[in-house]
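The values are calculated or read from the model by the stated rules, or taken from the named source; none is laboratory data. Small disclaimer: the values here were computed from a predicted structure and weren't measured. Here the Cβ positions follow ideal geometry from the backbone for every residue, glycine too, while neighbour counts run over all protein chains shown.
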């Protein structure tokens, strides 16, 4: 039997090397979140299905992992229920669902803690689950790394988010990337300008797919949704405009002057760029992109995505400004902004660019077990007291086999009792990377690893 047949499709095991790399990513991101004043929270694996239903659209809703009610969940079901459709039946046998993302559990958390101080800066690094069709690069369980600021409308929050994204990526040695920014009210004004205000939702969905399926197929999608050829001609005219951020803003202000909200939206973009230039030390990797839409419906203001210049992998991070997300609380109606990194895409990029640390040792020193000499136990304790990661080989076996074990585990140093010496305070320290070895006393060994 294939050993992998015991593993559910779409789920993964991670070996020690992969876990060390993953934890390196987590630690880097978490340190920067904390540096910017964000605080951690966690939410349960299971939430009420009603939290997610009617939020993501009918297609994405099918990707939610439902959990069947405990006990005899069919006892209250009648034959007639089977003819009312799967949604009706599902509501009777399942009211729990596995976490689809971290955004709505966070919103539910805020509703449960309405006395929370504001603005509230939260980060959350946890797995989410989607009943998607497994394929290369797409899994049913994966980690998201989210950060949100809620309770403030200040555009400083947008700029701080962009600065934090920039610092996270550069902390891994990723330098060739752009942060693309747009505004939902800009897109709203474009839909009015081209005469398709009533099809605004389809405009968002279509634009969001341009990079994935190409402009031709997206325009065909628009035609199927009832867009006129004149509206598409106007839309293409806007998308074809070339220029830097300020030229694009001037172009839109002149081109679309009949919308009340276009000026305020473009002023938001200008202010975000101005604040960000201060945060970023005048870095020029923020690009105002008229084709950026992020198809999720709850965004209400600035939106942004990050794409690499040297690897074609799509966006590795995205987010934006939102108002009230869902109508489950009358008293909680605040503005927020958030973004999310997908761990797997970030892992792929760091690995592809060969940016993971080379000397990532989980154990620094292994003490060889030659004859259960008590001097080994004493130095083991002293090295650990100094904060070193140290292990002793448990069995008394041939030294060569112990060295093979240390090599397989990538342990850089092996400490061997100098059994040829008459002194108990004599050790051989072997560098497993170079093969060099020298004799030291206990005090010298402790100093080396202090």
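Quick check on residue 335: is it crowded, with 19+ Cβ neighbours inside 10 Å, touching a strand residue (DSSP E or B) at 6+ places or on another chain (Cβ under 8 Å) and either outside the structural domain of residue 127 (by TED's automatic domain parsing) or modelled with pLDDT under 95 (or both)?
No, not satisfied.
Report, by residue number, each residue of region 218-240 that is under 29 Å from the mean Cα position of the chain (by Cα) and surrounded by fewer than 17 Cβ atoms within 10 Å (Cβ to Cβ).
Hits for region 218-240: nothing passes.
In this structure, is residue 407 outside any helix (DSSP H, G or I) and assigned by TED's automatic domain parsing to the domain that holds residue 383?
no
Give the number of residues within region 273-303 that are assigned to a strand (DSSP E or B), under 22 Å from the mean Cα position of the chain (by Cα) and farther than 16 Å from residue 335 by Cβ.
Within region 273-303, residues that are assigned to a strand (DSSP E or B), under 22 Å from the mean Cα position of the chain (by Cα) and farther than 16 Å from residue 335 by Cβ number 2.
Listed here are the residues, each with its yes/no results for (1) part of a helix (DSSP H, G or I); (2) under 19 Å from residue 315 (Cα atoms).
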| site | (1), (2) |
| --- | --- |
| 106 | yes, no |
| 111 | yes, no |
| 114 | no, no |
| 117 | no, no |
| 145 | no, yes |
| 149 | no, no |
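Mind listing just one residue for me: the one in region 389-417 that is surrounded by fewer than 19 Cβ atoms within 10 Å (Cβ to Cβ) and touching a strand residue (DSSP E or B) at 6+ places or on another chain (Cβ under 6 Å) and, of those, nearest to residue 368 (Cα to Cα)?
Let us first name the residues in region 389-417 that are surrounded by fewer than 19 Cβ atoms within 10 Å (Cβ to Cβ), namely 389, 391-392, 394-401, 403-405, 407-410, 412.
Add one more test, that the residue is touching a strand residue (DSSP E or B) at 6+ places or on another chain (Cβ under 6 Å), and what stays is 391-392.
Values: 391: 9, 392: 6 Å.
The residue in question is 392.
What do you reckon, is residue 178 surrounded by fewer than 22 Cβ atoms within 10 Å (Cβ to Cβ), assigned by TED's automatic domain parsing to the domain that holds residue 334 and touching a residue at least 12 places away in the same chain (Cβ under 8 Å)? Break it down into steps so the answer makes sense when it comes.
On the way: surrounded by fewer than 22 Cβ atoms within 10 Å (Cβ to Cβ): yes; assigned by TED's automatic domain parsing to the domain that holds residue 334: yes; touching a residue at least 12 places away in the same chain (Cβ under 8 Å): yes.
Yes, satisfied.
Out of all the residues in region 280-294, is one or more crowded, with 19+ Cβ neighbours inside 10 Å and on the phi > 0 side of the Ramachandran plot?
Yes.
Looking at region 1-79, what helices (runs of 4 or more DSSP H) fall wholly within it and have at least 3 residues that are out of contact with any strand residue (DSSP E or B) (no Cβ under 7 Å at 6 or more places or on another chain) and at pLDDT 90 or above?
Per the criteria, 16-35.
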